[in-house]
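Chemist: Pasting a structure here, questions to come.
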Amino acid sequence: KALQLLGYDPHADAYRLARKIVADPPNETAKREALRLLGADSSARPVFEKILRDKSEAPEHRRISASALQAIAPEALQKHAREIVLDSSESEDLQAASLTAIAQFGDAAKVGGDDELMKRVVRLRTASSAKVKQTAKRLLTKYGQ
């Protein structure tokens with residue numbers, strides 16, 4: 001709650017505090033709130049990219065990082081989302097979120113012309129959880145597959 005309140009005060013140096021909490025969190029809730037606060041800080045891009053790529057991070061922290069990247073560095077999110085979709089060892093939740101990001105915000109020419117990605121999405125449409133199948137189907141419908 002304190003982080004949320006500090007975020008309202010532009011003179012509180014809340015971003016610096018949030019970075020410290022992300023680096024050495026007292027608990028998961030504090031880290032989650034610190035990440036949310038940093039979501040408005042464009043200089044936090046490396047922090048979010050690192051967390052998104054780290055499979056040992058909590059899925060919620062990775063999803064917050066993906067959302068923050070969409071806001072502060074959408075081209076970086078597209079690159080990472082593609083990598084997550086192509087990684088068969090990646091969690092299905094993150095794959096579904098990445099498929100959604102690509103479908104909603106991806107460059108049509110790049111996505112439609114990415115044969116490796118499209119082949120993977122076709123496989124995901126038939127051999128995944130219901131959530132991944134649904135998002136894969138949506139992406140394929142959008143890009144004419």
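Chemist: Could you please state how large a percent of the accessible area of the stretch 8-121 is carbon and sulfur, counting protein chains only and using a 1.4 Å probe?
Modeler: 52
Chemist: While we're looking at this one, here's another question. Could you work out how far helix 115-126 tilts from the main Cα principal axis of the chain, as a 0 to 90 degree angle to the nearest 10?
Modeler: Roughly 90 degrees between the two axes.
Chemist: Using only the C-alpha atoms of the chain, find the volume of their convex hull and express it per residue in Å³.
Modeler: Values: hull volume 15.5 nm³, N = 145.
Here the figure is 107 Å³ per residue.
Chemist: Would you mind calculating the relative contact order of the chain from Cα pairs under 8 angstrom and at least 6 residues apart, reporting the percent as a whole number? Walk me through the numbers before you get to the answer.
Modeler: Values: 154 pairs, mean separation 22.1, N = 145.
Reported as a whole number, the value is 15 percent.
Chemist: Between Ala40 and Leu86, 0.36 nm times their residue separation minus their Cα-Cα distance comes to what?
Modeler: Details: separation 46, 0.36 × 46 = 16.56 nm, distance 2.85 nm.
Once the chain is fully extended between Ala40 and Leu86, it gains 13.7 nm.
Chemist: Oh, and also: Calculated from DSSP H runs of 4 or more alone, at -39500 (n - 2.57) each and per residue, what is the 222 nm mean residue ellipticity of the chain, nearest 500?
Modeler: After summing the helix terms and dividing by residue count, I get -22000 deg cm²/dmol.
Chemist: Under a straight-distance cross-link criterion of Cα-Cα below 28 Å, which lysines are reachable from Lys110, leaving out those fewer than 8 residues away in the same chain?
Modeler: Partners found: Lys50, Lys55, Lys79, Lys119, Lys131, Lys133, Lys137, Lys142.
Chemist: In Å², what does the accessible area per residue of the stretch 47-120 work out to with a 1.4 Å probe?
Modeler: On a per-residue basis, 47 Å².
Chemist: Would you mind computing, in nm to one decimal, how far apart the modelled labels at Asp115 and Ala30 are, each placed 7 Å from Cα along Cα→Cβ?
Modeler: Between Asp115 and Ala30, the simple spin-label model gives 5.2 nm.
Chemist: A further question on this structure: Once all Cα-Cα distances of the stretch 68-145 are split into 10 Å bins that start at 0, what whole-number percent is in each one?
Modeler: Per 10 Å bin, starting at zero, the Cα-Cα P(r) for the stretch 68-145 comes out as 21, 59, 19, 0 percent.
Chemist: Tell me, what HN-Hα J-couplings in whole Hz come from the Karplus equation 6.51 cos²θ - 1.76 cosθ + 1.60 at θ = phi - 60° for each residue of the stretch 138-143, using x for Gly and Pro?
Modeler: 4, 5, 5, 5, 4, 9
Chemist: What residue among Ala34, Ala97, Ala108 shows peak mean-square fluctuation when the chain is described by a Gaussian network model with Cα springs under 10 Å?
Modeler: Ala108
Chemist: Quick one: net charge of Gln104's neighbours, Cβ under 10 Å, K/R +1, D/E -1?
Modeler: Value of the local net charge: +2.
The values are calculated or read from the model by the stated rules, or taken from the named source; none is laboratory data. None of the values given here were measured: they were computed from a predicted structure. Note: ideal-geometry Cβ built from the backbone for every residue, glycine included; neighbour counts use all protein chains shown. Accessible surface is based on the protein model in full, side chains and every heavy atom, while ligands, DNA and RNA are left aside. Shrake-Rupley method; radii C 1.70, N 1.55, O 1.52, S 1.80 Å.
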